[in-house]
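Engineer: Encoded as structure tokens, here's the structure I'll be asking about.
The values are calculated or read from the model by the stated rules, or taken from the named source; none is laboratory data. Here the structure is a predicted model, which is why all the values come from computation and not from measurement. All Cβ positions, glycine included, derive from the backbone under ideal geometry; neighbour counts span all protein chains shown.
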Amino acid sequence: MTFGSTQFNKGWWDVGWRFFGTKGVSETHYNGPVAIYGDNAWKYGEAASQAGGGKFSAAGVFHGNLDQADPEKKKSFVESILNNQFHNQAQQGVESALSCMMGRRAAYSGEEISYEAMAASSEQWEADIDLTQFA
């Protein structure tokens, strides 16, 4: 599986996933396209969506991959505060960041890296990226 996210103010914006299997690859993006490439190739056509043809969802209508995701996330967040059921996702954030660091280190070294090895590492990376170049 791969995940890519580019969210700069100017130019390209995309969030997408690719899943690799023995019979092909599936691809989905935050907002279109959705496709399978390989033995059982399939692609959801944007024209069919606009014309109301081609059932994709249980409701039979498809406008965007995650049309309801953002409104539902916001609703859930507000309800968690109002109901005193806070969502603490610090552990998932740490695990996600550590997984990315492990992937980077494994790619650079060509070796398998464990959580334990990362925790014991004294490796440091400077956060000196000049983001103003993208403005």
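Engineer: Scan segment 8-29 for residues that are charged (D, E, K, R), part of a strand (DSSP E or B) and modelled with pLDDT of 85 or more and report the count.
Structural biologist: So the first thing to find is which residues in segment 8-29 are charged (D, E, K, R), and the list is 10, 14, 18, 23, 27.
The next check asks that each one be part of a strand (DSSP E or B); those that pass are 14, 18, 27.
The next check asks that each one be modelled with pLDDT of 85 or more; those that pass are 18, 27.
Number of matching residues: 2.
Engineer: Any idea how many residues of segment 124-134 are assigned to a helix (DSSP H, G or I) and either at pLDDT 85 or above or out of contact with any Phe, Trp or Tyr (no Cβ under 8 Å at 6 or more places or on another chain) (or both)?
Structural biologist: Quick first cut of segment 124-134, residues assigned to a helix (DSSP H, G or I) only: 131-134.
So of that shortlist, the ones also either at pLDDT 85 or above or out of contact with any Phe, Trp or Tyr (no Cβ under 8 Å at 6 or more places or on another chain) (or both) come out as 131-133.
Total satisfying the criteria: 3.
Engineer: With respect to Gln50, determine if the residue is over 24 Å from the mean Cα position of the chain (by Cα), at pLDDT below 85 and part of a loop (DSSP other than H, G, I, E, B). If you could, list the steps in order and put the result at the bottom.
Structural biologist: On the way: over 24 Å from the mean Cα position of the chain (by Cα): yes; at pLDDT below 85: yes; part of a loop (DSSP other than H, G, I, E, B): no.
In short, no.
Engineer: I've got another one for you. Name the pairs: first residue in segment 75-98 and touching a residue at least 12 places away in the same chain (Cβ under 8 Å) and closer than 30 Å to Ser114 by Cβ, second residue surrounded by 10 or more Cβ atoms within 10 Å (Cβ to Cβ) and of a type outside the set (A, V, I, L, M, F, W, C), Cβ to Cβ under 9 Å, at least 6 apart or on different chains?
Structural biologist: Matching pairs, first to second residue: Leu98/Tyr115.
Engineer: Being of a type in the set (Val, Ile, Thr) and exposed (fewer than 10 other Cβ atoms within 10 Å of the Cβ) is the filter here; which residues of segment 106-135 pass it?
Structural biologist: Start the filter on segment 106-135 by keeping residues that are of a type in the set (Val, Ile, Thr), which leaves 113, 129, 132.
Across segment 106-135, the qualifying residues are Ile129, Thr132.
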